[in-house]
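Structure first, then comments.
Where a number appears in this text, it was derived from the coordinates with a stated rule and is not lab data. Remember, predicted model here, so these are calculated numbers, not experimental data. Here the Cβ is made from the backbone with ideal geometry for all residues, glycine too, and neighbour counts use every protein chain on show.
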Amino acid sequence: ATDLVVLGKTGLKLSRLGIGLGSNGGNVQRNLGQAEFNRLVRYAFDQGIRYFDCAQSYKTFDWVAEAIKELPRDQLFLLSKIGGNPENPEEVIDRHLRTFKTDYLDCLLLHCAVTPTWPQERSRLMEAIDSAKAKGKLRSKGISCHSLPALRVAATSEWVEVNLVRVNPQA
């Protein structure tokens with residue numbers, strides 16, 4: 001599961017298996033404390049994991065830079081997410097870069113789409129993501145879908161390069 005695979009049509013490579021850094025909103029990892037969180041991330045890397053799933057809403061968001069600081073950036077696939085529809089999305093994107101202490105994210109997603117009208121609701125954010133990608137701040141873009149109606153729209157969207165689909169066996 002740690003072999004490198006190409007992510008769809010993006011051409012980007014990442015480990016087939018990734019590690020989510022925000023179980024239960026980040027509570028699981030946050031309860032470890034920063035030092036154990038760092039050890040967890042480094043252990044995952046040592047086992048061949050290169051895909052690290054982050055989000056602005058995870059309680060570990062501010063811990064990521066410390067956890068990855070000694071890892072080779074060119075071997076990491078950092079995916080992060082922006083929830084809601086922030087007033088100034090450009091600032092939010094730049095905050096991700098500052099927080100993670102990196103010049104770019106490998107992927108940035110619109111987080112937690114549930115309605116089929118997410119493209120209209122988040123068009124400003126989509127434009128800011130496109131602008132950041134054109135400036136080299138992002139290598140790919142997409143959405144995390146948390147409902148079948150949102151997924152149906154994402155599956156036909158030309159804007160979406162990456163679709164992170166939530167599978168919830170508890171409905």
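What GluC sites (Glu not before Pro) in region 66-100 are in a loop by DSSP, with at most 11 other Cβ atoms within 10 Å of the Cβ?
GLU70, GLU87
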Notebook entry, point to check: Short version: ³J(HN,Hα) in whole Hz for each residue of region 94-108, in order, from phi by Karplus 6.51 cos²θ - 1.76 cosθ + 1.60 (θ = phi - 60°), x for Gly and Pro, what are they?
Noted result: 5, 5, 4, 5, 5, 4, 7, 6, 9, 8, 7, 10, 6, 7, 10
Checklist line | Within the chain, helix-based [θ] at 222 nm, where runs of 4 or more DSSP H residues each add -39,500 (n - 2.57), nearest 500 | finding: -9500 deg cm²/dmol
Notebook entry, point to check: Can you run phi through the Karplus equation (6.51, -1.76, 1.60; θ = phi - 60°) for region 154-167 and list ³J(HN,Hα) in whole Hz, with x for Gly and Pro?
Noted result: 4, 5, 10, 7, 6, 6, 6, 9, 10, 10, 8, 9, 7, 10
Next item on the list: Please list the non-local residues whose amide H lies under 5 Å from the amide H of PHE77, H modeled 1.01 Å from N, same-chain partners needing a gap of 5 or more.
Entry: TYR51, PHE52
Note to self: Let me check against my output: what whole-number percent is the relative contact order of region 68-171, with C-alpha pairs under 8 Å and at least 6 apart?
What the structure shows: 26 percent
Next item on the list: With Rg/Rh (Cα atoms, Kirkwood Rh) defined as stated, name the option among (1) 1.26; (2) 0.94; (3) 1.69 computed from the structure displayed.
Entry: (2)
Next item on the list: Take every Cα pair under 8 Å in region 1-101 that's 6+ residues apart, average their separations, divide by the length, and report that relative contact order as a whole percent.
Entry: 27 percent
Next item on the list: With both partners inside the chain, how many of the DSSP beta bridges are antiparallel, as a percent to the nearest 5?
Entry: 15 percent
Next item on the list: Could you tell me which of HIS96, ALA150, VAL6 has its Cα farthest along the dipole of the chain towards the positive end, charges placed at Cβ (Lys, Arg +1; Asp, Glu -1), taken about the Cα centre?
Entry: VAL6
Item checked: Phi-based couplings in Hz for region 69-81 (Karplus 6.51, -1.76, 1.60; Gly and Pro marked x) -> 4, 9, 8, x, 4, 6, 9, 9, 10, 9, 10, 9, 9
Notebook entry, point to check: Mean separation of Cα pairs under 8 Å and 6+ residues apart, divided by the residue count of region 1-48: what relative contact order is that in percent?
Noted result: 30 percent
Checklist line | LEU105 long-range amide H proximity, modeled H, under 5 Å | finding: LEU138, ARG139
Next item on the list: Work out, step by step, the length gained on full extension between ASP3 and ARG166: first 0.36 nm times the residue separation, then minus their alpha carbon distance; give nm to one decimal.
Entry: 56.4 nm
